[in-house]
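Just below is one structure, and these are the notes that go with it.
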Amino acid sequence: QVQLVESGGGLVQPGGSLRLSCAASGSIFSVNTMGWYRQAPGKQRELVAAITSAGSTNYADSVKGRFTISRVNAKNTMYLQMNSLNPDDPAVYYCTATVAAGPRFSEYAYWGPGTQVTVSS
């Protein structure tokens with residue numbers, strides 16, 4: 001069984017920063033692409049940023065230059081440094097990872113339960 005757990009969400013003022021973390025645990029053989037999605041009330045879930053195991057990244061246009069995704073492969077952990085947060089950023093942020101796990105090294109996409117990010121003065 002594989003679990004993803006996010007942490008680091010909270011309340012921040014406009015222009016402020018937060019750092020989200022996502023840790024994968026369980027009977028993991030390898031963690032491949034990892035990513036952050038977000039979903040605001042009444043909106044569809046959208047990709048924020050993703051990173052491959054080799055470190056290649058891609059970002060939504062709305063966060064380029066403000067957010068930075070990174071990972072530590074040895075710890076099966078991913079981060080999202082969010083700077084210059086604005087009123088368009090509040091949402092539940094979800095961690096996802098494609099993980100090979102179990103006795104057959106089967107590869108599936110797993111999701112964390114999400115962490116709330118609120119931007120308010």
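Remarks
- Segment 42-107: trypsin sites (Lys or Arg not before Pro) in DSSP coil with no more than 16 other Cβ atoms inside 10 Å: LYS43, ARG45, LYS64, ARG66, ARG104
- Nearest-10 value in Å² for the accessible area of SER27, using the 1.4 Å probe: 70
- Normalised by the number of residues in the chain, the average gap of Cα pairs under 8 Å and 6 or more apart makes the relative contact order 37 percent.
- Treating r as the C-beta distance of SER25 and ARG104 and R0 as 22 Å, the FRET efficiency rounds to 0.70.
- Solvent-accessible surface (1.4 angstrom probe) belonging to SER56, in square angstrom, nearest 10: 70
- Solvent exposure ordering (accessible area, 1.4 Å, most first) of LEU11, LEU20: LEU11, LEU20
- Accessible surface comparison of ILE28, ILE51, probe 1.4 Å, protein chains only, largest first: the order is ILE28, ILE51.
- Kirkwood-Stokes translational diffusion coefficient of segment 57-121, alpha-carbon pairs, 20 °C, 1.002 mPa s, µm²/s: 154
- Counting every pair of alpha carbons in the chain, the share spaced more than 20 Å apart comes to 39 percent.
The values are calculated or read from the model by the stated rules, or taken from the named source; none is laboratory data. Note that this is a predicted model, so its numbers are computed, not measured. Quick reminder, even Gly has a Cβ in these numbers, built from the backbone with ideal geometry, and neighbours come from all protein chains shown. Please note that ligands, DNA and RNA were not included when accessible areas were found on the heavy atoms of the full protein model with its side chains. Shrake-Rupley method; radii C 1.70, N 1.55, O 1.52, S 1.80 Å.
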